[in-house]
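> To start, I am sharing the structure in question, which I have written as structure tokens.
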Amino acid sequence: MKRLLQTCLLLSLLIGLNAWADEDHERARELVKSGEIISLELLLQQVLSNEPGKLRLLEAELEHKRGRLVYELEFVDERGLVRKLLFDAKDGHPLGEEAD
């Protein structure tokens, strides 16, 4: 019985997390459609064209930081070092690198 309860709790947590991720995705899509932010695709084209073949995307997040929407992109470079780069989501302007 305890194992069944644990399994049910785990499944409900996973389903809840998936629904939350879907809501984030939809919110980002609406922001792009309204022109409030640039698309992640456009930002990646800009970033990777400046560093061809040198960076590989590991993770991308859209977050609120200091009153603005920011893309937080995590890359691995050609030496295997992980870099977290921040960009203004409105225009793609680089905001710097974040240390882990």
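> Please identify every one of the trypsin sites (Lys or Arg not before Pro) in region 26-85 that sits in a loop by DSSP and has no more than 15 other beta carbons within 10 Å of its own beta carbon.
Passing both the DSSP loop test and the Cβ count: K54, R66, R79.
> Kindly provide the GluC sites (Glu not before Pro) of region 43-87 that DSSP labels as loop, not H, G, I, E or B, and whose Cβ sees at most 13 other Cβ atoms within 10 Å.
Those satisfying the criteria are E78.
> Ok, one more. Figure the gain on full extension for E78 and E63 (residue separation times 0.36 nm, minus the Cα-Cα span) and round it to one decimal in nm.
2.8 nm
> Between A99 and R29, take the C-beta separation as r, use R0 = 30 Å, and let me know the FRET efficiency to the nearest 0.05.
After rounding, the FRET efficiency stands at 0.50.
> Could you state the accessible area per residue of region 59-100 in Å², with a 1.4 Å probe and every protein chain left in place?
Solvent-accessible surface per residue comes out at 65 Å².
> How large is ³J(HN,Hα) for each residue in region 67-75, as worked out from phi by the Karplus curve 6.51 cos²θ - 1.76 cosθ + 1.60 (θ = phi - 60°), to whole Hz, x for Gly and Pro?
x, 9, 7, 10, 7, 10, 10, 10, 10
The values are calculated or read from the model by the stated rules, or taken from the named source; none is laboratory data. Bear in mind the structure is a predicted one, so any value in this text is a computation, not a measurement. Note that each Cβ is placed from the backbone with ideal geometry, even for glycine, and that neighbours are counted across all protein chains shown. Just the protein is used for accessible areas: all its heavy atoms, side chains included, with ligands, DNA and RNA removed. Shrake-Rupley method; radii C 1.70, N 1.55, O 1.52, S 1.80 Å.
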